[in-house]
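Working notes for the structure below.
The values are calculated or read from the model by the stated rules, or taken from the named source; none is laboratory data. All of these numbers come straight from a predicted model, not from anything done at the bench. Cβ placement follows ideal geometry from the backbone for every residue including glycine, while neighbour counts extend to all protein chains displayed.
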Amino acid sequence: MSMADLVRGCSLFHELYDNEVEDIIRRCFVASYVPGQSIIKQGDMGTEICIILSGEAEVVVDHLKERKTLAKLSKGDIFGELVLINETRRTAHVIASAPTDVLVITYEEFYSFYTKRPEIFSLLVLNVTRLVTKRLKKANDLIENLTTAKQIPSP
């Protein structure tokens with residue numbers, strides 16, 4: 001199975017042709033993690049985004065003296081994308097919950113498409129924007145549900 005087959009269907013590559021995806025992949029590297037190993041640590045500085053190729057991970061935050069799981073990630077899921085919009089401090093831990101391989105794309109490689117292949121860059125930025133918007137909507141819905149459940153007046 002080719003690397004392009006592994007990432008097919010990943011939202012970052014939506015509307016890109018296979019040869020364009022392969023061009024992106026050639027600029028990336030694969031990292032492997034064992035269960036319990038941190039892929040990203042909350043508070044650390046980072047300059048890469050990751051796509052899960054195989055395995056599973058959890059997004060976890062340390063809040064006050066509690067650790068809370070926010071999401072479970074699996075094949076095709078993207079994380080670390082906030083570095084692309086100038087947030088380099090990691091906002092959560094991402095911890096492998098099974099043997100996990102991730103495709104790592106550095107900030108520099110992502111933005112190299114701006115001059116080298118602007119048509120690819122435009123689609124990548126659009127796809128990241130869609131992803132962030134989807135996550136923001138989900139967070140807003142959660143806040144609204146919590147507000148309604150506690151009957152707190154909305155601002």
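If you take the residues in the range 59-69 that are of a type outside the set (Lys, Arg) and either touching a His at 6+ places or on another chain (Cβ under 8 Å) or exposed (fewer than 13 other Cβ atoms within 10 Å of the Cβ) (or both), which one is farthest from Ile95 (Cα to Cα)?
Only one residue fits best here, namely Leu64.
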Would you say Asp5 is free of Cβ contacts under 8 Å to residues at least 24 places away in the same chain, of a type in the set (Asp, Glu) and surrounded by fewer than 13 Cβ atoms within 10 Å (Cβ to Cβ)? yes
In the range 36-55, how many residues are crowded, with 17+ Cβ neighbours inside 10 Å and assigned to a loop (DSSP other than H, G, I, E, B)? 3
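Please enumerate the residues belonging to the range 1-35 that are part of a helix (DSSP H, G or I) and of a type in the set (Val, Ile, Thr). Show your work before the answer.
Initially, the range 1-35 is screened for residues part of a helix (DSSP H, G or I), giving 3-7, 11-13, 18-25.
Of everything in the range 1-35, those that are part of a helix (DSSP H, G or I) and of a type in the set (Val, Ile, Thr) turn out to be Val7, Val21, Ile24, Ile25.
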Selection from the range 80-99 of residues over 16 Å from His14 (Cβ atoms), surrounded by 18 or more Cβ atoms within 10 Å (Cβ to Cβ), at pLDDT below 95 and touching a Leu at 6+ places or on another chain (Cβ under 9 Å) yields Arg90, Ala92
The one condition Asn127 fails out of (1) part of a helix (DSSP H, G or I); (2) out of contact with any His (no Cβ under 6 Å at 6 or more places or on another chain) is (2)
Single residue of Thr133, Thr148, Thr91 found to be touching a helix residue (DSSP H, G or I) at 6+ places or on another chain (Cβ under 8 Å), among the β-branched types (Val, Ile, Thr) and not in a strand (DSSP E or B): Thr91
Which count do you get for residues in the range 56-88 that are under 10 Å from the mean Cα position of the chain (by Cα) and in a loop (DSSP other than H, G, I, E, B)? 3
Scan the range 22-46 residue by residue and report those that are touching a Leu at 6+ places or on another chain (Cβ under 9 Å) and aliphatic (A, V, I, L, M). Ile24, Ile25, Val30, Ala31
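Might you check whether a residue that is at negative phi, touching a residue at least 12 places away in the same chain (Cβ under 8 Å), surrounded by 15 or more Cβ atoms within 10 Å (Cβ to Cβ) and in a helix (DSSP H, G or I) occurs anywhere in the range 100-107?
Going residue by residue through the range 100-107, those that are at negative phi are 100-107.
Cutting the leftovers down to touching a residue at least 12 places away in the same chain (Cβ under 8 Å) gives us 100-107.
From what's left, surrounded by 15 or more Cβ atoms within 10 Å (Cβ to Cβ): 100-107.
Filter once more, so that each one left must be in a helix (DSSP H, G or I): 107.
Within the range 100-107, one or more residues are at negative phi, touching a residue at least 12 places away in the same chain (Cβ under 8 Å), surrounded by 15 or more Cβ atoms within 10 Å (Cβ to Cβ) and in a helix (DSSP H, G or I).
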